[in-house]
1. I'd like to verify a number: residues in segment 121-160 that are hydroxyl-bearing (Ser, Thr, Tyr) and closer than 22 Å to Val205 by Cα, how many?
2. Kindly evaluate Leu58 against the criterion of being more than 23 Å from the chain's Cα centre (by Cα) and either at pLDDT below 85 or surrounded by 14 or more Cβ atoms within 10 Å (Cβ to Cβ) (or both).
3. Could you list, in sequence order, all residues of segment 132-168 that are of a type in the set (Gly, Ala, Ser) and loosely packed, with under 14 Cβ neighbours inside 10 Å?
4. Look at segment 91-115 and say how many of its residues are at pLDDT below 85 and within 14 Å of the chain's Cα centre (by Cα).
5. Scan (1) surrounded by fewer than 18 Cβ atoms within 10 Å (Cβ to Cβ); (2) free of Cβ contacts under 8 Å to residues at least 40 places away in the same chain for the single condition Arg221 breaks and write down its number.
6. What are the residues in segment 169-196 that are touching a residue at least 12 places away in the same chain (Cβ under 8 Å) and either surrounded by fewer than 12 Cβ atoms within 10 Å (Cβ to Cβ) or within 25 Å of Thr120 (Cα to Cα) (or both), if any?
7. Of the residues Leu187, Leu213, Leu194, only one is touching a Phe, Trp or Tyr at 6+ places or on another chain (Cβ under 8 Å) and at pLDDT 80 or above; which?
8. Among the numbered criteria (1) under 17 Å from His207 (Cβ atoms); (2) hydroxyl-bearing (Ser, Thr, Tyr); (3) out of contact with any Gly (no Cβ under 8 Å at 6 or more places or on another chain), which one does Ser107 miss?
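The values are calculated or read from the model by the stated rules, or taken from the named source; none is laboratory data. Only a predicted model underlies this, so the values are computations on that prediction, with no experimental measurement involved. Here the Cβ positions follow ideal geometry from the backbone for every residue, glycine too, while neighbour counts run over all protein chains shown.
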Amino acid sequence: MNYWPLLGVLWVVVGFVLRMNPVIVVVSAGLVSGLAAGKSLPQLLALLGESFVSNRALLMFAMTLPTIGLLERAGLREHALRWIARLRGLTLARLLIGYLALRQGLSTLGLIDIAGHAQTVRPLLAPMSESAAGKTHGELTRDDTQRVHALAAATDNVGRFFGEDVFLAFGAVLLIQGFYAGHGIVLEPLQIALWAIPTAIAAFVIHAIRIVLFQRGMSQRGMSQRALTPRSAATQGPADAVD
């Protein structure tokens, strides 16, 4: 067995660690794996062209980007912030856990493109999470804002990744079935999907706990900052008086 094509995986890991352009890293990793597998450069270019033509329907999702841009220019993020500010009982944990349940539930039905980073997280979920966190923890610092946005994006990833494997007709389920069939193990897609349900439940519980712990951590940091503020003011008072 030829293990040299696995150099492409190492190439991806190193590229992401060095924070290089993801598109360049992925394309170059494919070229590295192809060359290591013994394919010539014309064969690799032909393979890339065939893949592009066979998956050209995926380019339709690029239409969501200008649409979201127009909505953001019209004030979509600001409206989301004001709407969340009016909901008194909504906290960051409740918002993200509710979105996690919705995202995972839709993914189990195969509706994976209803939500996503471009369609939902950036224009809606991220500002809504920021507003929900600001209601309970006060004004957020830049670092806290970035952490809230990252947690919102991670919630979407977890909901989709662990929910879509429960859908029978998902490509990954068929890939798993083909892999086992190649090794003489016959499995039906329904069997694979049923075994994915415990994993999906565990992923939901674990990520929900992460969200709750993140909210508690923000509360503790906010309390410590508020406790230090009077002390700093008291220490600066005599200095100002001496000046």
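1. Of the residues in segment 121-160, 2 are hydroxyl-bearing (Ser, Thr, Tyr) and closer than 22 Å to Val205 by Cα.
2. Taking the combined requirement at face value, the residue does not satisfy it.
3. Of everything in segment 132-168, those that are of a type in the set (Gly, Ala, Ser) and loosely packed, with under 14 Cβ neighbours inside 10 Å turn out to be Gly138, Ala150.
4. Matching residues across segment 91-115 total 3.
5. (2)
6. Result: Ala169, Phe170, Leu190.
7. Being touching a Phe, Trp or Tyr at 6+ places or on another chain (Cβ under 8 Å) and at pLDDT 80 or above holds for just one of Leu187, Leu213, Leu194, which is Leu187.
8. So Ser107 meets the others, but not (3).
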